[in-house]
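Here is the structure we will look at.
The values are calculated or read from the model by the stated rules, or taken from the named source; none is laboratory data. Nothing here was measured: the structure is a model prediction, and the numbers come from that model. Don't worry about glycine lacking a Cβ; one is built from the backbone with ideal geometry, like all the others, and counts go over all protein chains shown. What goes into the accessible areas is simple: the full protein's heavy atoms, side chains included, and nothing from ligands, DNA or RNA. Shrake-Rupley method; radii C 1.70, N 1.55, O 1.52, S 1.80 Å.
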Amino acid sequence: SNGFSVLRNIQGVEPLFLLVYMRTDFFLRQIKRYMTGHAIPTILVDDLSKVLVPIPPQSEQQRIAKSMAEIQAIRKEALKASENVVNEMSLLLSQFE
């Protein structure tokens, strides 16, 4: 579909570094230039290939990727803790049924 693209065979770039980069204003400003459509903005794959990606040294990419992996792990733990609290509340409320 025109709403989903998969980046494959990326060489020389840490995937989590790329994920972080794709959340920056620098990246988003470039994307906005190519977006079309008002209700559901899209970007063509050909236009996506025109977006500049500055590639820092591998050590810097790995440092950023490691930080993102740690954040993702914390988020996963927080979601699990949240589910546990909701389950506890459900058990508590079941006493009133």
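Here are the numbers for this structure:
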{"read-out": "Heavy-atom accessible area ranking, 1.4 Å probe, most first, across 70, 83", "value": "83, 70"}
{"read-out": "Anisotropy class of region 47-93 from Cα gyration tensor, a/c 1.5 cut", "value": "oblate"}
{"read-out": "Structure-derived Rg/Rh (Cα atoms, Kirkwood Rh) - corresponding label in (1) 0.94; (2) 0.96; (3) 1.18", "value": "(3)"}
{"read-out": "Euclidean distance of C-alpha centroids, region 22-48 and region 72-97, integer Å", "value": "37"}
{"read-out": "Residues of the chain: accessible area per residue with a 1.4 Å probe, Å²", "value": "85"}
{"read-out": "Contour excess over end-to-end distance, with Cα ends at residue 6 and residue 22 and 0.36 nm allotted per residue", "value": "4.4 nm"}
{"read-out": "Label-to-label distance, nm, for residues given as residue 58 and residue 81 (7 Å Cα→Cβ offset)", "value": "3.6"}
